[in-house]
Amino acid sequence: MQPYLWQFFVIAFAGWVNRFQQDAIEYLKEENRVLREQLGGRRLRFTAAQRRRLAAKARTLGRDGLKEIADLVTPDTLLRWYKELIAKKYDGSQRRGPGRPRVLETIRELVVRMATENSTWGYTRICGALRNLGHDVGRNTVKRILAEHGLEPANERSKRMPWSTFLRAHWGAIAATDFFTVEVLTRHGLVRYFMLFVIDLKTRRVEIAGISHQPYDKWMKQMARNLTDVMDRFLRDTRFLIHDRDPLFSASFRATLGAIGVETVKLSARSPNLNAYAERFVRSIKSECLSRMIPLGENHLRASIRAFVAHYHLERNHQGLDNELICPVRESKRTDGGIRCRERLGGTLRYYYRDAA
């Protein structure tokens, strides 16, 4: 057979194969379109294994070849999957060792606590204090931790003494005073009475300095004299007395206290938290006593307040004192004997105790 006949057969066969492949491709593309119509236009989700198989096949076709036949996904998507397949092959992150470990949360809390409680401590001083506790922390680490918590360097923190630090520094020599009011039902109608009290911040003992429906400057001056009486003065061990900016705390009131060495400290405006202990007593006496009764005249009001103050000192547990009593009696922690209940104000205030041995 002549050579040109072989060439003719080869070309004819190649044309037939190419036409068959094109028909097969067109059929598969049409089949894919039918399947997608059956899915209602929903987006196909491929597993990781399916993406790897499609990406491997797409590599041999190239972008131009994919444009002709790709129907389920775009050529760019297939090529991106292939690049991710290569990147995953050479990904060494799983074999990479950890970097510098993060500072333990307990150490971070210690750094913040030391800087907060000691305004003059710098980075080096905090490092030394941590070393005393067995923690070797670098100076820059301390600096970074404080910056993350918004704490300034020592030279800035030491310029401002927190109010809580001031209170602790003078604990046992500082008291607070304030007013609270009660509407009393009298024969002349409702009358507002003002109660002036003083509280020792360390022991939480309270003294009702005076009760009046018309407090004025001379009355306040007399209350100051009563509190500083030589024989039985509530403020005998007090060095500072804090109060708000009420005009009743007049110059003569402050001068009377200052004459015997009690320095008054006027609080900033709109800062009730600075007198939190006094505010807490007002909340207690109102919620536990005065808001649960109708004061019928001044005498009834005074008797009710005396009863609560006695209950407050002898029978009421205080969370700020580790849930203890201010003035505990010896039998208060007995575990034997019958249980008794002492009632005040008709059962509004109750105290449970055991019979004495």
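The values are calculated or read from the model by the stated rules, or taken from the named source; none is laboratory data. Because the structure is a prediction, the values reported are computed rather than measured. Cβ coordinates were reconstructed from backbone atoms using ideal geometry, including for glycine residues, and neighbour counts include every protein chain displayed.
A search for C-beta distances below 6 Å between a residue of the range 199-212 that is under 18 Å from R239 (Cα atoms) and any residue that is surrounded by fewer than 17 Cβ atoms within 10 Å (Cβ to Cβ), counting only pairs 6+ apart in sequence or on different chains, returns K202/W171; K202/G172; R204/H318. All of R236, R192 fail the test of being free of Cβ contacts under 8 Å to residues at least 24 places away in the same chain, more than 18 Å from G258 (Cα to Cα) and in the same structural domain as S250 (by TED's automatic domain parsing), apart from R192. Looking at D229, D237, can you tell me which residue is closer than 14 Å to R205 by Cα and part of a loop (DSSP other than H, G, I, E, B)? Checking each option against the conditions leaves just D237.
Might you check whether a residue that is in contact with a Ser or Thr (Cβ under 6 Å, 6 or more places away or on another chain) and basic (K, R) occurs anywhere in the range 195-214?
The answer is no; no qualifying residue exists.
How many residues are in contact with a Ser or Thr (Cβ under 6 Å, 6 or more places away or on another chain) and assigned to a helix (DSSP H, G or I) when one looks only at the range 242-256? Selection size over the range 242-256: 1. Looking at N226, N275, just one residue is under 29 Å from V191 (Cβ atoms), without any contact (Cβ under 8 Å) to a residue 24 or more places away in the chain and surrounded by 13 or more Cβ atoms within 10 Å (Cβ to Cβ), and that residue is N226.
Within the range 197-251, restricting attention to residues that are basic (K, R) and farther than 28 Å from C327 by Cβ, the residue that is nearest to the chain's Cα centre (by Cα) is R245.
Across the range 262-287, the number of residues qualifying as at pLDDT below 85, part of a loop (DSSP other than H, G, I, E, B) and touching a Ser or Thr at 6+ places or on another chain (Cβ under 9 Å) comes to 0.
Look at the range 283-310: where a residue is under 16 Å from R342 (Cβ atoms) and in the same structural domain as F179 (by TED's automatic domain parsing) and a partner is of a type in the set (D, E, K, R) and surrounded by fewer than 20 Cβ atoms within 10 Å (Cβ to Cβ), sitting 6+ places away or on another chain with Cβ atoms under 6 Å, you get A307/R344.
When the range 187-201 is limited to residues that are surrounded by fewer than 16 Cβ atoms within 10 Å (Cβ to Cβ) and of a type outside the set (A, V, I, L, M, F, W, C), the one that is modelled with the highest pLDDT turns out to be R192.
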